[in-house]
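Comments concern the structure below.
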Amino acid sequence: MLVFILNAGSSSLKYQLMNPVIKKVFASGICERIGIDGVLSHEFGDKKLKVDANLPTHKEAIELVLRTLTVGEGKVIDSIDNIQAIGHRVAHGGESFKSSALVTDKVIKEIEELIPLAPLHNPANVLGMKICQELMPKTPNVAVFDTVFHQTMPDYAYMYALPYDQYEKYQIRKYGFHGTSHYYVSNEARGMLDKKRNTRIVVCHLGNGSSVTAVLNGKSIDTSMGLTPVQGLMMGTRSGDVGAGAIQYMMKQENLTIDEISELMNKKSGILGISGKTSDLREVLDGMQEGDDRCRLAVDMVAYNIKKYVGSYVAALDGIDALCFTGGIGENSALIREIVCTGLDGMGLVLDPIKNNRKRNDSRDIATNSSSARIFVIPTNEEYVIANDTYEVVTKS
Ligand code: ADP
């Protein structure tokens, strides 16, 4: 089964061509600057190809990707007819979607109804589906949602303590995101644990966007992101948790509109806001080494926030069997892992400094042998989850 995976953003489009049955990737890439000018970066085998193109809309971008996959230097398949299904990453499934769904007119309408909850992402996702339906009318499309894995949260975890009618009228509640990553990593971790029952796992997905999830017996019971991805951990450019009073005060002092405060909290805060230089953790770590105190503060805040969430989720799970790190920061920064785990011996989490500092790309256990809970580094694979869900939905339908 050859699955084309599409992650359509507002001005970019990531893709992969994969056979989920044998977990083999044939090609992957990204179209950027859609609507501005356009550039395609395409990888196949160990080769790379860069194409400058005129991409006024997502349609030209998808056409270019399909052309690149089937003709010329980057060709990996003879025809787009070889693609048996298309899996779309969809940001927000609200309460309507409890699992991945075969794309029908009704499903598209439901995803469109959720646009107020994800105004930047859901429209691009729907556009991706409609273009694929037009270009490949016989190929089934499947929507895989970032929110679905967290639909198992109990009501007392997902509700905000606001007047109840806000939930009834507008479905204001926590939804959580990065679901495919939290599912993949917690599932891998369950396989790596000796025990198979009552598994209590905390997953830290730490990238440009970051979130922590508490997973009990394979099900999400709480997660740090909320109605939107701005809640929870401090991220590359997102603030994470901020007191509502501070938001009201800033809006009043600076006479900010809703869009301006949203821009401030989503695009200008987090690591970028504190360091004043960059949203990239590697660059902030370099700045810290050079003695920049705001870079040092950003690193301390990032690690402290993660540690607080880990501690609260160990409490929510009544203990812990495995703490997992994933994402660009979680997989690569031994320092952040070390700061987060320092002092958690009382929770049964003891990091082995030698294992933590070993540079490897595979899934591994970095706890000491005597640590009662395990500490895993597990490279995430969201595309695999999307491809596999697509395969399962299509073969069962
Ligand atoms: P995205 O959420 O966009 O998928 P990634 O998961 O790729 O992002 O994570 C990007 C983050 O990972 C950046 O802040 C980057 O600095 C950080 N990162 C990548 N490699 C390292 C490293 N070796 N040490 C510290 N941070 C790293």
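Packing, as the average of other Cβ atoms within 10 Å across residues, places the peptides 385-394, 74-83, 236-245 in the order 385-394, 236-245, 74-83, highest first. Sorting the segments 249-262, 13-26 by their mean number of nearby beta carbons within 10 angstrom, highest to lowest, gives 13-26, 249-262.
Residues of the range 274-296 with an amide N closer than 20 Å to a point placed 7 Å from the Cα of K267 along the Cα-to-Cβ direction: 274-281. Over all projection directions, the Cα-based convex hull of the chain averages an area of 21.0 nm².
Inter-label distance, E43 to R360: 2.1 nm, where each label sits 7 Å from its Cα along the C-beta direction.
Each other residue within a Cβ distance under 11 Å of N208 adds +1 if Lys or Arg and -1 if Asp or Glu, for a net charge of 0.
Cross-link partners for K308 among the aspartates and glutamates, with Cα-Cα distance under 17 Å and sequence neighbours closer than 8 places in the same chain left out: D222, D241, D300, D318, E338, D345.
Equivalent ellipsoid of the range 336-397: semi-axes from √(5λ) of the C-alpha gyration tensor, largest first, are 34, 13, 9 Å. Note on E110 and V350: their simple-model spin labels are 4.9 nm apart, each label 7 Å out from Cα toward Cβ.
The listed peptides 86-94, 145-153, 48-56, 129-137, ordered by packing as a protection proxy, come out as 86-94, 145-153, 129-137, 48-56 (highest mean of other Cβ atoms within 10 Å first).
The sum of -39500 (n - 2.57) across all DSSP H runs of n ≥ 4, divided by the residue count of the chain, sets its helix-only mean residue ellipticity at 222 nm to -11500 deg cm²/dmol. Helix 179-192 versus the longest principal axis of the chain: what angle, 0 to 90°, nearest 10, using Cα atoms? Once rounded, the angle reads 70 degrees. Remark: the K50-I22 segment gains 7.3 nm on full extension, using 0.36 nm per residue and subtracting the alpha carbon distance.
Applying a threshold of 29 Å to the alpha-carbon distances of K50/K98; K219/K267; K109/K174; K48/K277 flags K50/K98; K219/K267; K48/K277 as lying beyond it.
Projected onto their three principal axes, the Cα atoms of the range 150-243 cover extents of 44, 29, 19 Å, largest first. For GluC sites (Glu not before Pro), the sites in the range 1-96 that DSSP calls loop and that have at most 10 other Cβ atoms within 10 Å are E73.
Stokes-Einstein diffusion for the range 35-76 at 4 °C, viscosity 1.567 mPa s, with a Kirkwood radius from C-alpha pairs, works out to 123 µm²/s. In sequence order, the range 10-25 has phi-based couplings of 5, 10, 9, 8, 9, 8, 8, 10, 9, 9, x, 5, 9, 6, 10, 9 Hz under the Karplus curve 6.51 cos²θ - 1.76 cosθ + 1.60, θ = phi - 60°, and Gly or Pro positions carry x. Karplus-based coupling profile of the range 124-133, in residue order and whole Hz: 5, 4, 5, 4, x, 5, 5, 5, 5, 4, with θ = phi - 60° in 6.51 cos²θ - 1.76 cosθ + 1.60 and x standing for Gly or Pro.
Computed over the chain, relative contact order equals 14 percent, with contacts defined as Cα pairs under 8 Å that lie 6+ residues apart. Most simply put, the range 1-156 has about 75% antiparallel DSSP beta bridges, counting only bridges with both residues inside it. Paramagnetic label reach from T395 (point 7 Å along Cα→Cβ; backbone nitrogen cut-off under 20 Å): within the range 139-154, residues 139-145. Annotation: the antiparallel percentage among DSSP beta bridges lying fully within the chain is about 70.
On full extension, the segment bounded by Y164 and M192 gains 5.9 nm, given 0.36 nm per residue less the C-alpha separation. What shape does the range 162-201 take by its C-alpha gyration tensor, where a ≥ b ≥ c are the square roots of the eigenvalues and a/c under 1.5 counts as rounded, a/b above b/c as prolate, and the rest as oblate? Here the range 162-201 falls in the prolate category. Neighbours of G38, meaning other residues whose beta-carbon lies under 10 angstrom from its beta-carbon, give a summed charge of -3 when Lys and Arg score +1 and Asp and Glu score -1.
As an equivalent ellipsoid, the range 258-316 spans semi-axes of 22, 20, 7 angstrom, where each value is the square root of five times an eigenvalue of the C-alpha gyration tensor, largest first. With K and R counted +1 and D and E -1, the other residues having a Cβ less than 11 Å from that of A143 yield a net charge of -2.
Pull out a ≥ b ≥ c, the square roots of the eigenvalues of the alpha-carbon gyration tensor of the range 239-285, then state rounded if a/c is under 1.5, prolate if not and a/b is larger than b/c, and oblate in the remaining case. Prolate.
Read-outs throughout are calculated quantities, based only on the coordinates presented, and are distinct from any laboratory measurement. This one's a predicted model, so the numbers in the text were calculated from it and none came from an experiment. Note: ideal-geometry Cβ built from the backbone for every residue, glycine included; neighbour counts use all protein chains shown.
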